[in-house]
């Protein structure tokens, strides 16, 4: 007893310590918290654009882009048999007016093919004022969210001005913000009042706990006689009344909404886009990660089957882009957009039509550490993946997926 | 510690009445709060999304899962309140408490924090089934009859009682070339990052062989299992309402 | 008491068939029998904002479409004559509804679709019912050497919602439980036993 206060304080301190320790790994938020091999070898997003980053309530924003389902899919992650194109935002800051995958409406969940490319378009309508980091997102059944590039978007205005009107097939125009609410609340109030009346009917019969308990124990087998015929009549009226009201409410709703359909839950398959490699073949020869230098070095054997010389312009993986500014330029869209504008260089020059050539590329940036990609070498499956972009003289692009074992170099 | 233990402070019947009344006023609010908290956690863990979202309230799973899972607390409270006090309001107390907790949760969390529209997250209506269960108990004065008839009624009345609330949300809409119900459309419009479309467990299963009228079959099944669950939870209620250490009041 | 209960329950449970004269509602299908042949009967009222399908009775006045789909292919080679005659009374719900009345057939019809062949197997009849009332429909089919007539009375503008299929069984259960509960509630309180009276 002497040290009671002390013991409590000690326990508290231990608890706080444990929570702090436990919480530490969770500090890396969102996309960075996922394992590196998962981010590099599942869904690779590119060309993601938003039409605007500043808009008012009721205005629309369009997000477009492409994604490629990596050919060397990690064996411990569920394949995209059932997936849903989503948007990563904190609650409905926007409503999703429409989403399309290769032009097909994305209202249903979809099956995708590994090794194929798809393009998407999401039309969002701003609903409330907020500044949010918005991500393209693909939910894959049993694999969870695969997160795409994010953008800071700012919405201004008043949520009270927001409307979301649609016309039903029975010709009625409704605002989904409030539709059906008054009716539902009315019913909840109606039944709530009846329930309260029933409870109060008993509670107002004087003190109920101790006297009734004593009486029950005293009467033993005859305790049922504590329920008077009047009590039972109240129960009977309540039973019949409830059933009559429920039946009437069903008829009433049936007459008011004669045409109804069950919830829709079909799934669809969408055909992929044509091959984005356009006749460029790439074979991975060797890949190393230089730990102190924060650099990925890889050698590839490239065969150019197009009829124009091609140069290597970009490597992208896990939503990070390493640009070769001599061939292709890009700047970060905002403070959280990981684009290494000057991050890539390579030896070997242009690959002529019909030629097969070895290219040695280096991708350097602190993002390897800050985005926790270098952790790859400690992953149970330490192979990497990504997309490389070749450009010909007219600026046409060939997108090729590469991947393979990644060896760390510590010195 | 001399001979004080056997002398009561209560000397008159009026005093006793006051004490009993005070006891009610202390215990009943505590019980109500405990029921709200415990039953709400139970409901969120077992029914969860089915009750949260309008586009989960389907004709098979929601109809089946909700009554089965919700009969637990009413059954346990029926035992406690009926066997010890002959009070027949266990189900209404449990369901009313649950609805208070659910409304607080929907308004504070779903609307207040996450800004979902309230019509998307209205809880299912469960009072009529509770009233029926209590009414059967008081009329029959038998937990066995309540279990068999009341449990069946409990399961069957759930969907008809909710149709008045959800029918408007089953009106069809053509949207981007796809036919959806209003509920599906609300689920699609109001982005839920962690709840993709496919995660909904709705309209799945082999009940399709029954053709269009799957709801009565689901409701009957729910009623049947509710009957079994009622008796199971009577026993658990019995276990929790032991008065072993209370020799005398 | 029990008898009434049985009657109610069976009436609710029986989805087998009901109908007026030649038109029978069998489960989900509405059938019109003409002699040995069967057609599917569907009624629509598009302006009613209720794109539901009706079996013989039209719930409201206004533009109505009746579609007959021939189930027996032989009907495609025969001529079909459809006529509607004004009547004083609603359908009786008995076997008399189906009895062909020659005096009625001789009257000038309210409207008539002259005999014609329908090789696609679908006959669509559009009619604007201006006011509510009771009618008798006749379908006369004629082949090379056979002729059959079917009569079915129907009403327009008398909505009869019926019991929604999803509610039939629940209502039956509700009634059974209510009856048992009334019986339980009427039971006299248990007589206190001698032990107590002593």
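State the three equivalent ellipsoid semi-axes of the stretch A:30-164, derived from the C-alpha gyration tensor as the square roots of 5 times its eigenvalues, in descending order and whole Å.
The equivalent ellipsoid of the stretch A:30-164 has semi-axes of 28, 15, 12 Å.
First check a/c for the stretch A:97-230, with a ≥ b ≥ c the square roots of the eigenvalues of its C-alpha gyration tensor; if it is under 1.5, answer rounded, and if not, answer prolate when a/b is larger than b/c or oblate otherwise.
Judged from the Cα gyration tensor, the stretch A:97-230 comes out prolate (a/c at least 1.5, a/b above b/c).
Could you give the Stokes-Einstein D for chain A in µm² per second, using the C-alpha Kirkwood radius, 10 °C, 1.306 mPa s?
59 µm²/s
With no solvent and one point per C-alpha, what does the Debye sum give as log10 I(q)/I(0) for the stretch A:271-411 at q = 0.17, 0.22 Å⁻¹?
Per q value, in the given order, log10 I(q)/I(0) is -0.93, -1.42.
Output the 0 to 90 degree angle, nearest 10, between the alpha-carbon long axis of helix B:214-240 and the longest principal axis computed from the alpha carbons of chain B.
20 degrees
Expressed in whole Å with the largest first, what are the equivalent ellipsoid semi-axes of the stretch A:115-161 derived from the C-alpha gyration tensor as the square root of 5 times each eigenvalue?
Semi-axes, largest first: 27, 12, 11 Å.
Using a Gaussian network model of chain B whose springs link C-alpha atoms within less than 10 Å, name the residue from B:161, B:104, B:75 with the highest mean-square fluctuation.
B:104
What percent does the relative contact order of chain A come to when contacts are Cα pairs within less than 8 Å and at least six residues apart?
Once divided by the residue count of chain A, the mean separation gives 16 percent.
Would you mind checking the tilt of helix A:229-256 against the longest principal axis of the Cα atoms of chain A, expressed as 0 to 90 degrees and rounded to 10?
40 degrees
Of the candidates A:136, A:367, A:36, which one comes out as most mobile in a Gaussian network treatment of chain A with C-alpha springs shorter than 10 Å?
Most flexible of the set in this elastic network: A:367.
In square nanometres, what is one fourth of the surface area of the convex hull spanned by the alpha carbons of the stretch C:16-156?
Mean projected area for the stretch C:16-156: 8.3 nm², to one decimal.
If one takes the longest principal axis of the Cα atoms in chain B, at what angle in degrees, from 0 to 90 and to the nearest 10, does the Cα axis of helix B:127-140 lie?
Between the helix axis and the principal axis of chain B, the angle is about 40 degrees.
Suppose the Debye formula is applied to equal point scatterers at every Cα of the stretch A:171-226; what is log10 I(q)/I(0) at q = 0.23, 0.27, 0.29, 0.31 Å⁻¹?
So the normalised log intensities are -0.91, -1.02, -1.07, -1.11.
Could you tell me how far the Cα centroid of the stretch C:72-141 sits from the Cα centroid of the stretch B:132-175, in Å?
Value for the Cα centre distance between the two parts: 45 Å.
Restricting to DSSP H runs of at least four residues, report the calculated mean residue ellipticity at 222 nm for the protein assembly as shown, -39500 (n - 2.57) per run over all residues, nearest 500 deg cm²/dmol.
-10500 deg cm²/dmol
Quick one, what does Rg over Rh come out to for chain B if you take C-alpha atoms and the Kirkwood Rh?
Dividing the radius of gyration by the Kirkwood radius yields 1.09.
How many angstrom lie between the Cα centre of the stretch A:376-404 and the Cα centre of the stretch A:209-277?
58 Å
Using alpha carbons only, how many angstrom separate the centre of the stretch B:48-92 from the centre of the stretch A:129-198?
27 Å
Let me see the pair-distance distribution of the protein assembly as shown: every alpha carbon pair, 20 Å bin width, integer percents in order.
Spelled out bin by bin, the protein assembly as shown gives 12, 31, 30, 20, 6, 0 percent.
FYI, it's all coordinate maths here, none of it is from the lab. Just so it is clear, the structure is predicted and the values come from calculations on it, not from any experiment.
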